[in-house]
Every structure is written in structure tokens, then in C-alpha cells.
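Asker: Submitted below is the structure of interest, expressed as C-alpha cells.
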Amino acid sequence: MRNLGDFLPLVMAGLLTTALSAEGGSRVIVSTTLDSTLEIFDADSLAELQSPLPSKGGGPVRLWVQNFDGKDYLFAANHGAVLGSVGVFDLSGEQVMELPLSPFPARAGSVGIAAGELSVGAAQVPTVFVTNTQSAVAAVAGLGCSLPNGSVTAYDASALSTVGLLQEIGTVDVSAPVPYAVSVDAVGARAFASTNCGAALDTLTVAGSGADGSSLVLTRTATRSTGASPDGTIYDGARGLNYTANIGGDSLSVHDAQSPDALLTVDLPGAGPIDVTLGDSPGGHHWVITSNGSDDSASLVDRDRIAECIYGVPPTCLAPEVLRIPTAVAGGAPEGVAYDPMTNRIFVVNKFPLGSPSLSVIQITEPADGPPSGVDIGELPLTAVGSGTPLPAFIAFDVVVQAR
């Protein structure tokens, strides 16, 4: 395993701590996709917490952390060589471990994943959603728009804490090829899937069926427009809004759960936003954060301003404030993004250059008498499991943070 000394020269003095706490703090997990491993770091010290962990499903792409029944789990959408799958990892101990029955089969080309405890009638149903592009090769190669429409699979996770099992609820086709990402509205018992080739956000709903409503059914209930080539999408339950990053549109589309079209579009000129996450900072800022593949940066957009524009009294609408922070890897084409409120850091996956992916660490500063700012304080090289020793990873994709 690597230690902090391997990358201290890359980090600004005084910003890191060398002490690794065995308890508390946050854990950062990165998917090195084509090498089928997970990298695991401490968010504060940036020390590696364990050796790279093989993913049994193969090709982990997007990741999601969720607490079900008092225990934290990591869910991975495994792109796979032929069929996709959902990997499930136990995050309750000091070591991340994949569950014995994991992975669970999905459809070909699984990419996006999200989870939540859905309110279905009077029941609370822990549910996992995964998007399937229908091909493990064509979508990655940029040929996916000639594919059949993609799909979303939903799983009931009620038996996860007792027998370590996901049970499929159903799979439904979405409105266009290549659904890259999915988000969850737990209160509304629904998910939202972005279809990259259709410039659309599809709504998938889980409902009870049968005489007693105990059986679960997944259906597609709506399709709404986004900007060009949508990818990452995430739901903000506190505001009832969903944010979708549009790679081709250089923008962020904002929907509520019901409106037929986007309520607001935030322009991000030249950014090519790919992934998206939420951040609630120690200084009281509320951001939606994008990783920008076109200009090697991360954007922080003020969610309070967005909500004021949508829910405020017309015609008052102040343009949402956007803070764009460059990463230090030229041509890194940032992919996944995650935020840790404990350290006020953003973690961005640089998938290029091929064979040398890295994780950028952006430190946010929030002065009492001025606007927030951020700087890339260093890059963590990513590795993968080889023949007894870590080898360079070929490409990395996503990152998540687990607060402990």
C-alpha cells in the first residue's frame, strides 16, 4: 500500500494532516473501471486505507453510498464484459468488503446507479436503481445512439441486512438509447434517468400491486426534455428539485418532480459537465457541483439561488452564482465528482491520460468577509491489483464519499 509520503510533494503545505484516525472522518472510494478495482482513501490525510479492492462484477462504473437498516452500503454499477451487474459492498467496518452473494445480475452495459428508501403506500422500501445501456462496448466507444433504447432495473433491498440479497423488482425500457445516470426521489417513490441520446429525463415509478399492494411494480410514467447529451443527474429532496448535467449543452437542467420541461437551465459555457453531486458546506453554502470534462474543472452552482428563481415571486430571479475551479491535470477530462463536508473538499476523477488516471483534491475556503474559493491541492495516483503488486490503473470513472 502507498503512504502519504508518496504524494506529499504534490500538496500545499499545511493543508493536510498526517494522522489517520481509525474512527470518524470520511472514506473516499474511487472506481478504476477497466481494471475492475476500487481505491479507498481517507478524506483528510489522503492516506490509502486498504489495498485496491477487486470488484467481482467487473468494470465498476458509477458508485453510490446508501444507509439501509442502520448499515452503510456501497453500490456499484458494473459495466461487465457481456452482462452488467450490481455490486454491493459492506461499509460498516474498517475494511470495505464485497458481500458474498454480490454481484447481482442486471442487463448489458450497466452504468448509472442510485438508491433510497422509497415511500410506497404505507411501506418503506429500500430500493436500488441501475441504468443499462444494452451494450458493454458500443456506449463506451461512442456508438451507443445506434443501440436499442436502454433500460432501468430496480431492486428491492429489504433482505440486504439479513441475508445479503437484492431481489429484482423489474426492468423497463427508457425513451432513448444510452441512459447514463439515475437519481432517486424517495418520498415520491420514483427515479429519474437521463438518456444521453434522447436529451431527456425519464421518470420511473415504483408502486404496490395485487390485492394487498405487497407486490412491487416498476413503470415509466413520464419523459421530459433536458439540454443536449445529459449525463449525471441528482435529486435534491430538501428543495424538491432534480439537477442534470448536459455534456453537449454546456448546461445544468433543473426540473421538479412533475413539470413537463426544465424549470431553469443554468449555462456553464465550455464546461461539458458530466457528473453532478450536492454539497452543503460548513460555511452555510448549498451547492450543486459538476465535474467538467471539456475544460478540466469543477463548477459550484448556488442551489439557494436556483430555488429562488423557481419558487420566488416573479419577476425576481438573480442568476445563480457559479464558482468554477480548474483541476491541475491538463486534458484529464474529469468524470466522477464527490464532496466531503467534514474537510470541505471536492474529489474529482481525472480519467485521462489513459494508463495514468488520478484523483484531484480541491480544497474549498469560505472566508467570513468574502466569497468562497477553491484550489486543487494535489493529485492522488490511482492503481489497480496486479500480480502481487499494485499496477497503474488504465482508466478511472467515479468517486463517492462515506461519512463515518
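Asker: List the pairs whose first member sits in segment 321-338 and is closer than 17 Å to L252 by Cα and free of Cβ contacts under 8 Å to residues at least 60 places away in the same chain, whose second member is among the small types (G, A, S) and assigned to a loop (DSSP other than H, G, I, E, B), and whose Cβ atoms are under 8 Å apart, counting only residues at least 6 apart or on separate chains?
Answerer: Hits for this filter: R324/A271.
Asker: Can you tell me which residue is nearest to V120 (Cα to Cα) among those in segment 219-257 that are assigned to a loop (DSSP other than H, G, I, E, B) and hydrophobic (A, V, I, L, M, F, W, C)? Full working, then the answer.
Answerer: Just the residues of segment 219-257 that are assigned to a loop (DSSP other than H, G, I, E, B), to begin with: 226-229, 237-240, 247-250, 257.
Within this subset, residues satisfying the condition of being hydrophobic (A, V, I, L, M, F, W, C) are 228, 238, 247, 257.
On the way: A228: 33, A238: 19, I247: 33, A257: 16 Å.
Taking the candidates together, the pick is A257.
Asker: If S45 satisfies every condition in (1) in contact with a helix residue (DSSP H, G or I) (Cβ under 8 Å, 6 or more places away or on another chain); (2) not in a loop (DSSP other than H, G, I, E, B) but one, which is the exception?
Answerer: (2)
Asker: If you don't mind, there's one more thing I want to ask. Give the residues of segment 290-309 that are closer than 23 Å to A200 by Cβ and either touching a Cys at 6+ places or on another chain (Cβ under 7 Å) or part of a strand (DSSP E or B) (or both), sorted by residue number.
Answerer: Listed by number, the residues that qualify are T290, S291, N292, S299, V301, C309.
Asker: Oh, and also: Just to be sure, is G170 part of a strand (DSSP E or B), of a type in the set (G, A, S), closer than 23 Å to P52 by Cα and at pLDDT 95 or above? Quick ask: steps written out before the conclusion?
Answerer: Values: part of a strand (DSSP E or B): yes; of a type in the set (G, A, S): yes; closer than 23 Å to P52 by Cα: no; at pLDDT 95 or above: yes.
In short, no.
Asker: Now, a different point. Just name the residue that is nearest to R404 (Cα to Cα) out of those in segment 81-111 that are of a type in the set (G, A, S), touching a strand residue (DSSP E or B) at 6+ places or on another chain (Cβ under 7 Å) and part of a loop (DSSP other than H, G, I, E, B). Full working, then the answer.
Answerer: At the first step, the residues of segment 81-111 found to be of a type in the set (G, A, S) are 81, 84-85, 87, 92-93, 102, 106, 108-110.
From the residues that got through so far, the ones that are touching a strand residue (DSSP E or B) at 6+ places or on another chain (Cβ under 7 Å) too are 84-85, 87, 92, 102, 106, 108-110.
Now drop any that are not part of a loop (DSSP other than H, G, I, E, B), which leaves 84, 92, 102, 106, 108-109.
Values: G84: 30, S92: 9, S102: 23, A106: 30, A108: 33, G109: 32 Å.
That would be S92.
Asker: On to the next question. How many residues does segment 182-193 hold that are out of contact with any Asp or Glu (no Cβ under 6 Å at 6 or more places or on another chain) and buried (at least 21 other Cβ atoms within 10 Å of the Cβ)? Reasoning before the result, please.
Answerer: Taking segment 182-193 as the starting set, the residues that turn out to be out of contact with any Asp or Glu (no Cβ under 6 Å at 6 or more places or on another chain) are 182-185, 187-192.
After this cut, where a residue has to be buried (at least 21 other Cβ atoms within 10 Å of the Cβ) as well, the list is 182-185, 189-192.
The qualifying residues number 8.
Asker: V152 fails exactly one of the following numbered conditions: (1) under 18 Å from the mean Cα position of the chain (by Cα); (2) modelled with pLDDT under 95. What is the number of that condition?
Answerer: Only one criterion is unmet by V152, namely (2).
Asker: Name the single residue, out of those in segment 336-353 being modelled with pLDDT of 95 or more and of a type in the set (D, E, K, R), that is surrounded by the fewest Cβ atoms within 10 Å (Cβ to Cβ).
Answerer: Restricting attention to segment 336-353, the residues satisfying the condition of being modelled with pLDDT of 95 or more are 336-350.
Add one more test, that the residue is of a type in the set (D, E, K, R), and what stays is 340, 345.
Numbers: D340: 21, R345: 24.
It comes out as D340.
Asker: Listed residues P314, P260, P282; which is surrounded by fewer than 22 Cβ atoms within 10 Å (Cβ to Cβ), touching a residue at least 40 places away in the same chain (Cβ under 8 Å) and not in a strand (DSSP E or B)?
Answerer: Values: P314 fails: touching a residue at least 40 places away in the same chain (Cβ under 8 Å); P260 fails: touching a residue at least 40 places away in the same chain (Cβ under 8 Å).
That would be P282, the only listed residue that is surrounded by fewer than 22 Cβ atoms within 10 Å (Cβ to Cβ), touching a residue at least 40 places away in the same chain (Cβ under 8 Å) and not in a strand (DSSP E or B).
Asker: In segment 122-130, is there at least one residue being assigned to a loop (DSSP other than H, G, I, E, B), modelled with pLDDT under 95 and either buried (at least 24 other Cβ atoms within 10 Å of the Cβ) or β-branched (V, I, T) (or both)? Reasoning before the result, please.
Answerer: First pass over segment 122-130, keeping only residues assigned to a loop (DSSP other than H, G, I, E, B): 122.
Cutting the leftovers down to modelled with pLDDT under 95 gives us 122.
If we keep only those that are either buried (at least 24 other Cβ atoms within 10 Å of the Cβ) or β-branched (V, I, T) (or both) as well, we get none.
Checked segment 122-130: no residue is assigned to a loop (DSSP other than H, G, I, E, B), modelled with pLDDT under 95 and either buried (at least 24 other Cβ atoms within 10 Å of the Cβ) or β-branched (V, I, T) (or both).
Asker: Tell me which of these P381 doesn't satisfy, since it passes every other one: (1) buried (at least 17 other Cβ atoms within 10 Å of the Cβ); (2) of a type outside the set (S, T, Y); (3) in contact with a strand residue (DSSP E or B) (Cβ under 6 Å, 6 or more places away or on another chain).
Answerer: Going through (1) buried (at least 17 other Cβ atoms within 10 Å of the Cβ); (2) of a type outside the set (S, T, Y); (3) in contact with a strand residue (DSSP E or B) (Cβ under 6 Å, 6 or more places away or on another chain) one by one, P381 breaks only (1).
The values are calculated or read from the model by the stated rules, or taken from the named source; none is laboratory data. Because the structure is a prediction, the values reported are computed rather than measured. Reconstructed Cβ throughout: ideal geometry from the backbone, glycine too, with neighbour counts over all protein chains shown.
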